[in-house]
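To start, the structure itself, in structure tokens.
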Amino acid sequence: MVLAQLGGSISRALQQMSNATIIDEKALNDCLNEITRALLQADVQFKLVRDMQNNIKKIVNLDDLAAGHNKRRIIQQAIFNELCKMLDPGKPSFTPKKGKTSVVMFVGLQGSGKTTTCTKYAYYHQKKGWKPALVCADTFRAGAFDQLKQNATKAKIPFYGSYMESDPVKIAVEGVERFKQENCDLIIVDTSGRHKQEVALFEEMRQVSEATKPDLVLFVMDSSIGQAAFDQAQAFKQSVAVGAVIVTKMDGHAKGGGALSAVAATKSPVIFIGTGEHMDEFEVFDVKPFVSRLLGMGDWSGFMDKIHEVVPMDQQPELLQKLSEGNFTLRIMYEQFQNILKMGPIGQVFSMLPGFSQELMPKGQLDSTNPKLMNDSRIMRIARGSGRQVRDVMEMLEEYKRLAKIWSKMKGLKIPKKGEMSALSRNMNA
Ligand code: GDP
């Protein structure tokens, strides 16, 4: 998962603090300094980090901590709330509805991943039963239409564009009109990301927007630009009515904190993140589950969604039955996650489970049915095979035990169906 390093650092700082015999001001400060360092390393703005640190100090009452309350939980909750506050600027200006025609215009600089993201966005909705269509209004860059055409063909999504026409406004209007007549419910307009001058780029964006009257303008931004994200997001916002943001390339590096926090600072909600070059490496961005995963607190609704999405229908009842019996073994994890592996890296899935910090996950697969049988030599073999330290494997097994304990508490509990997750999610995160 993106920002795994940040999540791992925060989890470790909390762990160290809760291991300390006395929680005094110094222990709390050490912990907060460690977290501050991790956030700055992830490129989160200095001012935001400083405010966050001050707010946590105000909220956390040292007397409470001394009185034997669950210190880790109290501080983790404070950090959770502050991170959520930092990343949550509110709702997008418009949310398209299935079956009702919406025009969504994509803007962003060349190289940000805009064209790829248009297709991912279309494909995401197509899988959910929408009728999307793509319009290429980028006449500036040679090859833009070919790229969109290629992506659209692969995903079997209707597209519109021209090799001859040089007026982007004309193409955009024609494309939107045609797909309206064809009753498409999500008409996506890809615009140019480069021009001779920035002024010309913004002017073209405004003209396309005026002519097509989009219901929503989505700004696409590359996460690796870090702190520069704030200025870029603001510049686009000032030129066109940006309603929401998609941050791309959240895989690959630990710096995404800059983009997420900076975009939030411009009061633009991030609604999706791109996590790879492939069509389905695209995730809904929801602040609370995201922060929850970041801090190793889990994302139950995301986890259950994945199960419903990827475990074959006929296997779902058996899996859920076993889980609800509190019968949770590494074998179950292994067998069932074979399915989930089809959808993405195991760390991403594990990060949805409370108590799992992705950074602590060994990369190899576990071959035991019962972690109690893990003796020293097996642990060493797994460490060698997965290219990890023995300590990492031990830590993972500890995390497993914690998770198994949680499942055992769920014994007899009816596992909710899709759409019934919030209550469970609240319970487990409480
Ligand atoms: P555009 O110029 O903004 O339209 O950008 P493109 O869609 O052509 O993308 C530029 C490059 O970024 C391509 O090589 C894409 O495969 C890549 N890309 C786009 N989104 C992502 C992402 O989420 N992760 C990664 N790793 N690469 C991405």
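Structure data summary
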item	result
Test: residue in segment 150-162 that is outside any helix (DSSP H, G or I), aromatic (Phe, Trp, Tyr), farther than 28 Å from residue 238 by Cβ and more than 16 Å from the ligand (Cβ to nearest atom)	yes
First in segment 370-389 and more than 19 Å from residue 401 (Cα to Cα), second anywhere and at pLDDT below 75, Cβ under 6 Å, 6 or more apart	385/364; 386/362; 386/363; 386/364; 388/362
Subset of segment 263-280 [within 14 Å of residue 217 (Cα to Cα) and more than 16 Å from the ligand (Cβ to nearest atom)]	268, 269
Positions within segment 127-136 being modelled with pLDDT of 95 or more and not in a loop (DSSP other than H, G, I, E, B), in sequence order	132, 133, 134, 135, 136
Among (1) within 13 Å of the ligand (Cβ to nearest atom); (2) crowded, with 24+ Cβ neighbours inside 10 Å, the one test that residue 145 misses	(2)
Pair list, Cβ under 7 Å, 6 or more apart: segment 35-56 residue on the phi > 0 side of the Ramachandran plot and buried (at least 20 other Cβ atoms within 10 Å of the Cβ), other residue part of a loop (DSSP other than H, G, I, E, B) and not polar (S, T, N, Q)	43/255
Residue pairs meeting the criteria (Cβ under 7 Å; at least 6 apart or on separate chains; first within 7 Å of the ligand (Cβ to nearest atom) and at pLDDT 95 or above, in segment 92-118; second β-branched (Val, Ile, Thr) and part of a loop (DSSP other than H, G, I, E, B))	none
Boolean, residue 240 is away from the ligand (no atom under 15 Å from the Cβ) and within 16 Å of residue 114 (Cβ to Cβ)	yes
Selection status of residue 126, surrounded by fewer than 19 Cβ atoms within 10 Å (Cβ to Cβ) and under 22 Å from residue 276 (Cβ atoms)	yes
Whichever residue in segment 163-186 is in a helix (DSSP H, G or I) and of a type in the set (A, V, I, L, M, F, W, C) and, among such residues, is farthest from residue 110 (Cα to Cα)	179
Residues (within 15 Å of the ligand (Cβ to nearest atom) and part of a loop (DSSP other than H, G, I, E, B)) located in segment 187-222	192, 193, 194, 195
Candidate set: segment 243-262, residues that are more than 15 Å from the ligand (Cβ to nearest atom) and of a type in the set (A, V, I, L, M); chosen: the one nearest to residue 114 (Cα to Cα)	244
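The values are calculated or read from the model by the stated rules, or taken from the named source; none is laboratory data. These figures come from a predicted structure and were not determined experimentally. Glycine gets a Cβ as well: all are built from the backbone with ideal geometry, and neighbour counts include every protein chain shown.
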